[in-house]
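The values are calculated or read from the model by the stated rules, or taken from the named source; none is laboratory data. On a predicted model such as this, the values are computed, not experimentally measured, just so you know. Methodologically, a virtual Cβ is constructed for each residue, glycine included, from the backbone with ideal geometry; neighbour enumeration extends over all protein chains shown. In case anyone asks, the SASA skips ligands and DNA or RNA and just uses the protein heavy atoms, side chains included. Shrake-Rupley method; radii C 1.70, N 1.55, O 1.52, S 1.80 Å.
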Amino acid sequence: MRRSVSTAVLLVALGLGIAGLGVGTGNFTASAQQKPQTLEVKIDNFSFGPTELTVPVGTTVTWTNRDDIPHTVVSTEGVFKSKGLDTDEKFYFTFSKAGSYPYFCSIHPKMTGKVVVQ
């Protein structure tokens, strides 16, 4: 009798442990799928490339100045604004809401781009 109770308790504990591992694995997979992206826009030859970028919510966009002169990255709507970026300097912004985000260089206003967040 005592052996039957011990075996039953052991089986229940083992079953709960295995179930717990399955739940943990599911959460790990979900977290891995939700990992935010980082995408790059290059500033070179007085232009942003790519000019338009479509990204999911939560994506961080990095602008890197590859030009020999300073540039800025300024949202038309005032959502983000970089300092003057010298050669090889970077500016990062994480897009937390869906929408269209046009931007320009405040030093060279004809330089424009857009990030579309879905």
Query raised in the report: Are there any pairs with C-beta distances below 7 angstrom linking a residue in region 52-68 that is on the phi > 0 side of the Ramachandran plot to a residue that is in a loop (DSSP other than H, G, I, E, B), with the two at least 6 apart or on different chains, and if so which?
Result: G58/P36; G58/S96
Query raised in the report: Which members of region 87-118 meet the condition of being open to solvent by 80 Å² or more (accessible area, probe 1.4 Å), under 17 Å from T62 (Cβ atoms) and in a loop (DSSP other than H, G, I, E, B)?
Result: D88, S96
Query raised in the report: Hey, among the residues in region 69-86 that are in a loop (DSSP other than H, G, I, E, B) and among the hydrophobic types (A, V, I, L, M, F, W, C), which one's nearest to L53 (Cα to Cα)?
Result: V73
Query raised in the report: If you take the residues of region 37-74 that are polar (S, T, N, Q) and touching a Phe, Trp or Tyr at 6+ places or on another chain (Cβ under 9 Å), which of them is modelled with the lowest pLDDT?
Result: T38
Query raised in the report: Any chance region 15-36 includes a residue that's within 22 Å of Q118 (Cβ to Cβ), modelled with pLDDT of 95 or more and surrounded by 10 or more Cβ atoms within 10 Å (Cβ to Cβ)?
Result: no
